[in-house]
Every structure is written in structure tokens, then in C-alpha cells.
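The values are calculated or read from the model by the stated rules, or taken from the named source; none is laboratory data. Quantities reported herein were computed from a predicted structural model and do not represent experimental measurements. All Cβ positions, even for glycine, are placed from backbone atoms using ideal geometry, and neighbour counts span all protein chains on display.
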């Protein structure tokens with residue numbers, strides 16, 4: 001009995017300690033940030049400027065020329081940035097934040113469904129706004145995330161979610177923005193642990209492609225049916241593809257090799273689907289002409305990796321954003337691997353800046369370019385009048401792990417709480433050892 005009581009107390013203590021910051025209310029007072037170094041997000045900067053916003057929308061962005069004596073901003077909450085950097089809120093595509101907490105605990109994972117074809121799956125309804133992971137993304141400046149389901153071939157619908165809200169309805173920013181398809185590999189890299197030196201053929205490649213091809217044929221036939229016929233034979237998986245054929249929903253193709261890039265795009269275009277985005281695309285440099293010809297945007301995966309081939313330069317992944325940008329390809333940036341590593345998104349952009357890209361162009365990889373690729377550039381991704389007030393203030397360069405310290409963050413004008421589990425622990429033990 002005593003052991004049970006101890007375990008119960010430990011459990012209750014963990015539950016109390018694990019409470020996430022309470023969501024904040026809608027913006028009620030207009031805000032003015034001044035004396036700031038403003039990074040617009042589209043490549044332009046204002047060295048000494050101000051930005052104001054009200055009712056969740058940006059009302060003005062300009063260079064410093066404010067008249068406080070005439071009370072132009074009398075009713076505003078004024079924040080003196082003291083030369084700090086102001087950025088658009090960062091956007092993280094292709095993430096499982098809110099769908100996973102502890103990867104080793106199955107009960108905290110809700111991002112994968114069984115089956116090969118899950119076009120009807122919607123990630124947003126599983127988005128957990130009480131996840132402890134969310135706050136750890138916010139204090140690195142990530143305010144929006146494209147939450148993506150995982151699985152075999154057709155994994156389902158992603159949605160763009162705000163890193164703030166009481167529930168998934170509150171947090172939804174753009175609902176069902178696209179369907180994700182993981183194209184099968186034709187070959188696998190050599191298993192160096194077993195001494196292999198050459199690529200291995202995938203014996204199931206043709207049958208896997210046939211499954212996807214048949215699904216697209218069936219979806220197109222279903223799309224061409226009359227509304228009455230569809231009501232009589234309601235197929236959830238095929239119904240989910242209707243907006244794709246209408247051009248209202250994107251297809252995100254998760255590909256790596258040159259063969260995957262070319263074959264997947266050709267098959268989707270054969271079925272009349274043109275709004276495609278490449279995700280990953282490690283071999284994009286080997287298919288540049290094809291990508292340019294088909295006007296394909298790319299969401300590059302984690303740059304902090306080794307090259308795909310032995311003969312490639314060791315720093316090729318770091319230079320890839322610069323090399324593709326130089327070719328005129330629209331490039332955004334995401335982060336693959338473990339969920340907790342994805343919060344390092346701004347520092348991956350910093351790596352791109354260190355290997356060829358101008359710093360403001362590198363910032364675009366995680367702000368304006370990502371917004372454009374995800375189809376939300378009309379409302380966010382840059383600090384412009386009329387767009388949502390998704391704004392962060394950092395003491396230093398947000399792309400530099402050493403100097404990036406987020407002081408304030410606003411999601412649609414709401415000043416959010418940046419405290420997370422790590423900050424609570426830091427403050428707790430700082431007080432202990434400073435006594």
C-alpha cells in the first residue's frame with residue numbers, strides 16, 4: 001500500500017509539473033514595436049524601423065519617424081526593441097509536432113495509420129495542443145507548422161497549425177492544405193555495415209507503383225462521376241482526391257532519388273495533377289532541368305546530413321539550397337529526423353547562409369518561401385501591411401544558435417507565453433544555486 005501511495009504521488013507530481021502554458025486570449029490592444037531591426041522576410045530589411053498591428057493584422061511597417069508627442073499611438077502598447085531583430089514567425093513544413101510527444105511511448109504517438117492508401121486521413125483532428133513539445137518550438141521562433149501524417153504510400157491530409165490554442169479547432173490555420181504521397185524507392189543505398197558497396201534493387205518497386213497508379217485511375221473516374229452517383233457510392237478515400245483534381249489541394253511528393261523525382265511527377269501529370277511539391281529531394285541537383293521544366297517547388301529536408309554518394313563533396317547538402325536557388329528554383333526548408341531536432345529549423349537556414357546564400361535569402365527559406373510553397377503567402381510569411389501579425393523579436397540573429405534569444409512572440413497578434421519545460425527547469429535550478 002505504501003509503495004502504491006508513493007507511485008501515486010510521483011504520478012500526480014509529474015502531471016502537475018507537465019502542465020503547458022495556458023493559451024492566451026485574442027489581441028485586445030494595438031501594439032507598436034519600434035527602434036527595431038526589421039527583417040521583412042521577403043529579402044528586404046529596415047535597419048531602424050517600426051511595426052504596428054491591431055486585431056491580429058499588421059497595420060503599418062516603416063522606417064523610424066514616429067511622433068509620440070502628438071499621441072499618434074496613444075492607445076498602443078509600446079515595445080521598445082532597443083535594436084533587437086524583428087522577424088516574421090517561422091514556418092515548419094512536414095512535421096509531426098502535436099502528433100507525437102515521446103517516441104518511445106506508443107500512447108503518445110498518433111501520426112500513423114495502417115494501410116497503404118489513406119487519402120481520407122486528416123492530421124489536424126489528432127493535433128494535441130497540450131503537447132509539451134509545442135512550447136519548445138515556439139522559443140526558437142517557429143509559430144506555424146504543417147502537421148503531416150505518416151504511413152506507407154498515400155499517408156493523408158496535412159494541415160497548417162498555429163503553435164497556440166485550446167484545441168485543434170482553435171489552432172487550425174489552413175485546413176487540409178494537401179495530400180502526402182511517399183513514392184517507393186527503386187533502389188536502396190548500400191548497407192555499409194554489412195560490407196555492401198553498390199545500390200540494391202527494390203523487388204517490390206513495380207507492384208508498389210502499380211498500386212499508386214491504380215489509385216489515381218480510380219480517383220479520376222470517381223471525380224468524373226455525377227454528384228448523385230458519388231452520393232450513392234460514397235468512397236471516403238476517393239472523395240478526398242476530388243479537391244486535388246479540382247486544383248484546390250496540393251500533392252506533396254516525398255521523394256529522394258532522381259528516379260523517384262522524375263517518375264512520380266510524370267505519373268501524376270499523366271493523370272492531370274499539376275500542383276505538385278517535392279519534399280526531401282536529396283537528388284534535386286541531378287534533376288535540375290526536369291524540375292525547372294515542370295516548375296516544381298522543393299521543400300528540402302535536413303541539411304545536416306552526409307552526402308548520398310561517396311564521390312560527392314562532404315558539404316554538398318549544406319550548399320544545396322544555394323545551388324538550387326541559383327538555378328531559379330523555389331526552395332523552402334524543413335527538418336527531417338527526430339521530432340525534437342526539428343526545432344533547430346532556423347539554424348539549418350543559418351547553415352545555408354554559411355554555404356553560399358545571402359542571409360536574407362536564407363531567412364526566406366523558413367518564412368516567405370515556405371509560405372509560398374504551402375499556399376499561405378497571402379496571409380503570412382513576411383511583415384507586410386494586411387498580413388497576420390505572426391511576429392518574433394530576437395536579441396540577436398535568429399539564424400545563429402549562439403545569439404538567437406527570443407524575447408517576444410505574437411501569433412495573429414496574441415502575445416504568447418514562451419516558457420517551456422526547459423525554461424522552468426533552468427529558472428528552478430538557477431534560483432537554487434544562486435542562493
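Kindly indicate whether residue 134 is over 19 Å from residue 343 (Cβ atoms) and either at pLDDT 90 or above or under 17 Å from the mean Cα position of the chain (by Cα) (or both). Taking the combined requirement at face value, the residue does not satisfy it. For residue 203, the conditions (1) over 25 Å from residue 148 (Cα atoms); (2) outside any loop (DSSP other than H, G, I, E, B) all hold with the exception of (2). Within region 63-84, identify whether any single residue is at pLDDT 90 or above, farther than 23 Å from residue 141 by Cβ and assigned to a strand (DSSP E or B), and answer yes or no. Yes; the residues of region 63-84 include at least one that is at pLDDT 90 or above, farther than 23 Å from residue 141 by Cβ and assigned to a strand (DSSP E or B). Only one entry of 384, 423 meets the criterion of being part of a helix (DSSP H, G or I) and surrounded by fewer than 23 Cβ atoms within 10 Å (Cβ to Cβ), and that entry is 423. Residue 337: within 18 Å of the chain's Cα centre (by Cα), assigned to a loop (DSSP other than H, G, I, E, B) and surrounded by fewer than 17 Cβ atoms within 10 Å (Cβ to Cβ), yes or no? When the stated conditions are applied, residue 337 passes them. Counting only residues that are touching a helix residue (DSSP H, G or I) at 6+ places or on another chain (Cβ under 9 Å) and surrounded by fewer than 23 Cβ atoms within 10 Å (Cβ to Cβ), region 267-280 holds 9 of them. Checking each residue of region 308-327 against the condition of being assigned to a loop (DSSP other than H, G, I, E, B), surrounded by fewer than 21 Cβ atoms within 10 Å (Cβ to Cβ) and modelled with pLDDT of 95 or more gives at least one match. Among helices (runs of 4 or more DSSP H) entirely within region 236-299, having at least 2 residues that are touching a strand residue (DSSP E or B) at 6+ places or on another chain (Cβ under 9 Å) and touching a residue at least 24 places away in the same chain (Cβ under 8 Å) singles out 242-246, 258-270. When the criteria are applied in full, residue 170 fails the requirement of being in a strand (DSSP E or B), in the same structural domain as residue 369 (by TED's automatic domain parsing) and either touching a strand residue (DSSP E or B) at 6+ places or on another chain (Cβ under 6 Å) or touching a residue at least 12 places away in the same chain (Cβ under 8 Å) (or both). Taking the criterion of being in a helix (DSSP H, G or I) and over 29 Å from the mean Cα position of the chain (by Cα), the residues of region 212-227 that qualify are 214, 217, 218, 220, 221, 222, 223, 224, 227.
Listed here are the residues, each with its yes/no results for (1) at pLDDT below 95; (2) outside the structural domain of residue 82 (by TED's automatic domain parsing); (3) under 26 Å from residue 62 (Cα atoms).
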position	(1), (2), (3)
342	yes, yes, no
361	no, yes, yes
366	no, yes, yes
369	no, yes, yes
391	no, no, yes
398	no, no, yes
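Against the test of being in contact with a helix residue (DSSP H, G or I) (Cβ under 7 Å, 6 or more places away or on another chain) and either surrounded by fewer than 23 Cβ atoms within 10 Å (Cβ to Cβ) or in contact (Cβ under 8 Å) with a residue 60 or more places away in the chain (or both), the options 102, 147 yield a single qualifying residue, 102. When 332, 256 are screened for being modelled with pLDDT under 95 and in the same structural domain as residue 135 (by TED's automatic domain parsing), only 256 passes.
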